[in-house]
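Computed from the coordinates by the stated procedures, all read-outs in this text should not be read as laboratory data. Since we're looking at a predicted model, the values are computed, not measured. So basically every Cβ, Gly included, is an ideal-geometry build from the backbone, and we count neighbours across all protein chains shown.
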Amino acid sequence: MLPLNNELVLRTDDYKILIAHLNGGNSKTAFDTRNAEALYAELKKAKLVDKENFPEDVVRINSTVRVKAEEMDEIMQFMLVTPDKANFKEGRVSIMAPIGTALIGFRKGQQVKWKVPAGIKTFTILEVINEPN
């Protein structure tokens, strides 16, 4: 994961969920090893924040996100969820999917590069909606 500006910010509870998934403590995913290693390396560098101090415009588990895929000039909207709740047809994308791991912890306005099966893609985060919890 190559953030083009600023740092990765995660809520402490989301960090614990992500680590559990990476360690295989939760449901099995179709998450490939290279993506898992890249995400784990980023998680180790992340700034952890408790939920009371977490910025509203940062992507987290259960965020609804609008992003622009720069190379395709395409805008997508979806909710990032844990793998057991993912359903692409209903607009729920796993945090362990390449796009999910690319965006988690980054904020509105940031650009993120991520290697997907079709090559390296640049995504701009246009909007982040987090429900209070």
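Brief remarks follow.
- Rounded to two decimals, the Cα radius of gyration of the chain over 2.2 N^0.38 Å is 0.95.
- Estimated FRET transfer efficiency (K44, N87; beta-carbon r; R0 25 Å; 0.05): 0.25
- Pairs of Lys in region 2-129 closer than 18 Å at Cα, counting only those 8 or more apart or on different chains: 16
- Based on Cα contacts under 8 Å between residues 6+ apart, the chain shows a relative contact order of 30 percent.
- Extending 7 Å from the Cα toward the beta-carbon at both K51 and L126 defines two label points whose distance is 3.0 nm.
- Estimated from helices alone, the mean residue ellipticity of the chain at 222 nm is -6500 deg cm²/dmol (sum of -39500 (n - 2.57) over DSSP H runs with n ≥ 4, per residue).
- Put in line by how crowded their Cβ is, counting other Cβ atoms within 10 Å and starting with the fewest, K44, K115 read K44, K115.
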